[in-house]
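Any read-out appearing in this document is the output of simple, stated calculations on the displayed coordinates, not a laboratory observation. Computed from a predicted structure; not experimentally measured. Here the Cβ is made from the backbone with ideal geometry for all residues, glycine too, and neighbour counts use every protein chain on show.
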Ligand SMILES: [Zn+2]
């Protein structure tokens, strides 16, 4: 136990060196670059971790109970930008508390990557704290039309009636984004000269998934449209005819790290991996009787 605490303390100490953006260096672009490797891990709860992948850049890993990644990036003006959100507002609140504890009060902006719980489940915490939440018009519509169907689908994967995650998914209040943009237009936000681009590459794993690109750090959060494993996962609303086209649209982007919603891999090869997994799935589906 003591050893465990020591390791955790060392990890947290380590994060102070590799994750912090030095104020005097904040205008130097190369200081903000990311790498597809975790240099420090900060535990906020047994099921919630911040994984540092560059100065001021984190993967927020929430096991709820499925492994769900969002990203958190500290911009040059001090704003913290969430790409996607943790699955529940309680988890999002823990990240907001960490920001205040480690950095003081900061502006926070969240960008929903779709209407599924793993793309916007934390919204309630941001809205409650008075922070803007951006999301597409299609996400707002699908959350209203299909939110309860999505909840039932999710609960189907947690058969254990006594699971606290089952209770959390049952109780999750769906809160839509309050800053809505037309999905076809995408969105560009700027913070202290650094840009964040929200890109809609057409229907992929679901009709409304968007990718969130930080060109200044060559970081792409592809949410659920990027496949990090060898299987396609939840295809309930997937558009297999157009998903690959969407990924090919993202391939020209300059990236050093790519974050998928589910899985541990962070390298740019995830774009090709997604195409390969989809091709394999279509081929095996074609062979099925
Ligand atoms: Zn997902």
Rounded tilt (10° steps) of 270-287 against the dominant C-alpha axis of the chain: 20 degrees
For the range 242-289, what ratio Rg/Rh do Cα atoms give with a Kirkwood hydrodynamic radius? 1.05
Calculate how steeply helix 137-155 sits against the longest principal axis of the alpha-carbon atoms of the chain, using the helix alpha-carbon long axis, and give the answer as 0 to 90 degrees to the nearest 10. 80 degrees
Using distinct alpha-carbon pairs, which all enter the 1/r mean, Kirkwood radius of the range 36-287 in Å: 18.0 Å
Under 8 Å for C-alpha pairs, at least 6 residues apart: give me the relative contact order for the range 176-226, rounded to a whole percent. 25 percent
Distance in nm between label sites at residue 190 and residue 153, each 7 Å beyond Cα in the beta-carbon direction? 3.8 nm
Using a 10 angstrom cutoff on alpha carbons, build the Gaussian network for the chain and name the most mobile of 37, 254, 171. 171
Relative contact order of the range 113-153: what whole-number percent is it, with Cα pairs under 8 angstrom and at least 6 residues apart? 49 percent
Quarter of the surface of the C-alpha convex hull for the range 44-97, i.e. direction-averaged projected area in nm², equals 3.5 nm²
Show me 78-84, 261-267 ranked by packing, highest mean number of other Cβ atoms within 10 Å first. 78-84, 261-267
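Rank these for me by crowding, 204, 154, going from fewest to most other beta carbons within 10 Å.
Fewest-to-most Cβ neighbours within 10 Å comes out as 154, 204.
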Could you tell me the relative contact order of the range 36-287? Use alpha-carbon pairs under 8 Å, at least six residues apart, and round to a whole percent. 16 percent
What translational D, rounded to a whole number of µm²/s, comes out for the range 180-265 from Stokes-Einstein when the hydrodynamic radius is the Kirkwood one over Cα pairs, at 20 °C and 1.002 mPa s? 160 µm²/s
Report, largest value first, the span of the C-alpha coordinates of the range 169-226 along each principal axis, in whole Å. 40, 24, 21
Could you check which residue among 153, 62, 169 shows the biggest mean-square fluctuation in a GNM of the chain with a 10 Å Cα cutoff? 153
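Assuming R0 = 25 Å, what is the FRET efficiency of residue 77 and residue 39, from their Cβ-Cβ distance, to the nearest 0.05?
The value I calculate is 0.60.
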